[in-house]
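Asker: Sharing a structure here in structure tokens format.
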Amino acid sequence: MRIKKYVLLVDDPSGMLSVLASDLKKLEFRVARVPGKNAALDFMRRFHKLALVVVNDNGESDRQRLVEITREVHPNLPVVLVGPDGCVARTANREWKVDGAVDAPRLQALVGEALLEYCYPGHILSTLSFSIEEALAGFQNHVVSGQAYLRATNGAVADLTALLPFSGAKISGYLAVGCTRGTAERLHENLFPQHGPVNQDTLMDMLGEVANRAIGRFHEMFEARGLSFNFGVSLFLTGKSELRAAQAHPALVMEFESPSGSVLVELFLDGLVPAPTSLGIPDSYAAAGEFVLL
């Protein structure tokens with residue numbers, strides 16, 4: 001099983017950041033809370049399994065300074081500073097602000113966006129969107145990509161799913177394309193209007209073809225960056241079939257809307273995010289009260 005990554009919350013025990021813990025754990029991150037700058041810096045220097053730092057700015061200057069110091073310790077680590085008048089999120093590629101008081105839903109959305117960009121940078125999202133839109137256009141469907149989000153799941157993405165694994169020396173993962181049987185039948189009918197009723201195997205082969213067309217675009221993109229991989233044939237899953245074992249970070253999900261119905265696409269890439277380098281936090285460190293696991 002892959003080692004899970006941590007999200008570090010810098011906050012008081014009664015602070016607002018505790019609302020993040022439940023959603024983060026659903027994404028299979030471990031969540032730790034520390035009270036201030038010194039404990040946070042000690043945590044970051046000892047352990048490199050971090051995916052995000054969220055700091056509750058309670059007016060203390062050392063917490064604001066912590067955001068700057070974090071960039072020195074972990075240059076690519078996303079940081080979110082939550083203040084009384086808004087939030088600032090910083091990733092390796094951009095910085096954006098949310099003005100005004102931040103409630104729990106807005107905070108959760110901002111943290112989700114920061115984690116998404118850390119795990120799957122913008123060029124990955126744009127390539128996925130273009131690849132699927134181009135692949136489905138071959139079935140005479142104009143599709144519109146919806147919002148991207150992270151998900152940690154253990155089952156097929158839809159009623160019918162084609163899962164295409166790939167692997168290389170530096171990067172590996174899978175691309176899964178899924179939809180309901182009704183959507184698959186309408187996609188097939190668009191391509192073969194005179195064919196008549198089709199069985200499940202034919203529909204699965206069609207979803208596998210969508211995955212094959214899309215993965216070709218990803219292969220071109222990664223080869224241009226010196227990251228080559230090989231892929232074989234699609235695996236076919238139905239209903240609640242098992243999809244994969246536990247992994248170090250979540251998968252990327254995008255939903256595409258077309259006249260035939262919704263198509264869900266899930267992408268997992270292993271190799272973009274640095275792998276954790278330590279096996280765990282010593283019991284003695286936790287017992288010392290330097291941090292609390294939520």
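The values are calculated or read from the model by the stated rules, or taken from the named source; none is laboratory data. Source: prediction; values computed, not measured. Cβ coordinates were reconstructed from backbone atoms using ideal geometry, including for glycine residues, and neighbour counts include every protein chain displayed.
Asker: Looking only at segment 72-98, count every residue that is surrounded by fewer than 16 Cβ atoms within 10 Å (Cβ to Cβ), among the hydrophobic types (A, V, I, L, M, F, W, C) and in a strand (DSSP E or B) and tell me the total.
Answerer: Number of matching residues: 1.
Asker: Is it the case that Glu266 is within 21 Å of the chain's Cα centre (by Cα), modelled with pLDDT of 90 or more and not in a helix (DSSP H, G or I)? Can you show your working first?
Answerer: Numbers: within 21 Å of the chain's Cα centre (by Cα): yes; modelled with pLDDT of 90 or more: yes; not in a helix (DSSP H, G or I): yes.
Taking the combined requirement at face value, the residue satisfies it.
For (1) at pLDDT below 85; (2) at positive phi; (3) among the aliphatic types (A, V, I, L, M), each residue gets a yes or a no:
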position	(1), (2), (3)
Gln194	yes, no, no
Gln200	no, no, no
Arg213	no, no, no
Arg217	yes, no, no
Leu227	yes, no, yes
Gly239	yes, yes, no
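Asker: Oh, and also: Are there any pairs, at least 6 apart or on different chains, whose C-beta atoms fall under 9 Å, with the first in segment 136-157 and among the small types (Gly, Ala, Ser) and the second surrounded by 14 or more Cβ atoms within 10 Å (Cβ to Cβ) and modelled with pLDDT under 70, and if so, which?
Answerer: Ala152/Gln247; Gly155/Leu243; Ala156/Leu243
Asker: Identify all residues within segment 1-33 that are under 15 Å from Leu81 (Cβ atoms) and either in a strand (DSSP E or B) or at pLDDT below 80 (or both); write none if there are none.
Answerer: Val7, Leu8, Leu9, Val10, listed by residue number.
Asker: Looking only at segment 190-215, which residues are touching a residue at least 24 places away in the same chain (Cβ under 8 Å) and either over 19 Å from Phe236 (Cα atoms) or hydroxyl-bearing (Ser, Thr, Tyr) (or both)?
Answerer: Scanning segment 190-215 gives Asn190, Leu191.
Asker: Those residues that are more than 23 Å from Glu133 (Cβ to Cβ), in contact with a helix residue (DSSP H, G or I) (Cβ under 8 Å, 6 or more places away or on another chain) and not in a helix (DSSP H, G or I), I need them from segment 198-229; list them, please.
Answerer: Matches in segment 198-229: Val198, Ser228.
Asker: Restricting attention to segment 218-236, which residues are aliphatic (A, V, I, L, M) and touching a His at 6+ places or on another chain (Cβ under 8 Å)? Can you show your working first?
Answerer: Quick first cut of segment 218-236, residues aliphatic (A, V, I, L, M) only: 221, 224, 227, 233, 235.
Within segment 218-236, Met221 is the sole residue that qualifies.
Asker: Against the definition (over 24 Å from His249 (Cβ atoms) and either among the aromatic types (Phe, Trp, Tyr) or part of a helix (DSSP H, G or I) (or both)), how does Ala101 come out, yes or no? Before the answer, list the steps.
Answerer: Details: over 24 Å from His249 (Cβ atoms): yes; either among the aromatic types (Phe, Trp, Tyr) or part of a helix (DSSP H, G or I) (or both): no.
Judged against the criteria, Ala101 is not a match.
Asker: Where in segment 112-188 are there strands (runs of 3 or more DSSP E), lying fully within it, with 3 or more residues that are at pLDDT below 85? Quick ask: steps written out before the conclusion?
Answerer: Numbers: elements: 144-151, 160-167, 172-179.
Filter on segment 112-188 gives 144-151.
Asker: With the requirement that a residue be touching a Leu at 6+ places or on another chain (Cβ under 9 Å), surrounded by fewer than 17 Cβ atoms within 10 Å (Cβ to Cβ) and either not assigned by TED's automatic domain parsing to the domain that holds Ala114 or not hydrophobic (A, V, I, L, M, F, W, C) (or both), what does segment 8-17 give you? Spell out how you get there, then give the answer.
Answerer: So in segment 8-17, the residues touching a Leu at 6+ places or on another chain (Cβ under 9 Å) come out as 8-11, 15-17.
Next cut, surrounded by fewer than 17 Cβ atoms within 10 Å (Cβ to Cβ) only: 15-16.
Within segment 8-17, Gly15 is the sole residue that qualifies.
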